[in-house]
Amino acid sequence: MELSVVIPAFNEFAVIANTVNHVHEFLTKKDIKGEIIVVNDGSTDETVKILAYLQGSIPHFRALTLPVNTGKGAACRAGFIASRGEWCIFMDADESTKIETWNVFKPFTEKFD
């Protein structure tokens, strides 16, 4: 597996489905063998329900749930530990940095660790 995309999420009910679908479409179009891992960081909204639905409908998608909010760093760490890709990146649930940034970064993976 080439790429693991970790997305920490705390109360991201409004955006998480669109973000996961966007990442899935990107991986599919680019023919990247990858996985999407959303780490639910103790959300108190409906994020858990959306993740359960996505888990059944998007291939190579996993949702991890932390029982209480531990912060973005801890959520990312949990996702990194669970990842299986050769490369592991994270992005925010609101897509402040788009998954397409991988296109800019990827050439550097061939020259650098």
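The values are calculated or read from the model by the stated rules, or taken from the named source; none is laboratory data. Treat the numbers as computed from the prediction; the structure is a model and nothing was measured. Here the Cβ is made from the backbone with ideal geometry for all residues, glycine too, and neighbour counts use every protein chain on show. Heavy atoms of the whole protein, side chains included, go into the accessibility calculation; ligands, DNA and RNA do not. Shrake-Rupley method; radii C 1.70, N 1.55, O 1.52, S 1.80 Å.
Computed quantities for the displayed model
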{"read-out": "Residue check for Thr109: under 12 Å from Leu3 (Cα atoms) and open to solvent by less than 30 Å² (accessible area, probe 1.4 Å)", "value": "yes"}
{"read-out": "Residue check, Thr28 modelled with pLDDT of 95 or more, among the polar types (S, T, N, Q) and closer than 23 Å to Val68 by Cβ", "value": "no"}
{"read-out": "Single unsatisfied condition, Ile36 versus (1) open to solvent by 20 Å² or more (accessible area, probe 1.4 Å); (2) touching a Lys or Arg at 6+ places or on another chain (Cβ under 9 Å)", "value": "(1)"}
{"read-out": "Among (1) modelled with pLDDT of 95 or more; (2) not in a strand (DSSP E or B) - the single one Val38 does not satisfy", "value": "(2)"}
{"read-out": "Residue selected from region 77-113 under the condition more than 16 Å from the chain's Cα centre (by Cα), aromatic (Phe, Trp, Tyr) and in a helix (DSSP H, G or I), by the criterion nearest to Asn11 (Cα to Cα)", "value": "Phe105"}
{"read-out": "Members of region 70-102 found to be of a type outside the set (D, E, K, R), touching a helix residue (DSSP H, G or I) at 6+ places or on another chain (Cβ under 9 Å) and open to solvent by less than 80 Å² (accessible area, probe 1.4 Å), listed by number", "value": "Thr70, Trp87, Cys88, Ile89, Met91, Ala93, Ile99, Trp102"}
{"read-out": "Ala63 among the hydrophobic types (A, V, I, L, M, F, W, C), part of a helix (DSSP H, G or I) and farther than 14 Å from Met1 by Cβ", "value": "no"}
{"read-out": "Test for Ile58: is it within 14 Å of the chain's Cα centre (by Cα) and open to solvent by less than 60 Å² (accessible area, probe 1.4 Å)", "value": "yes"}
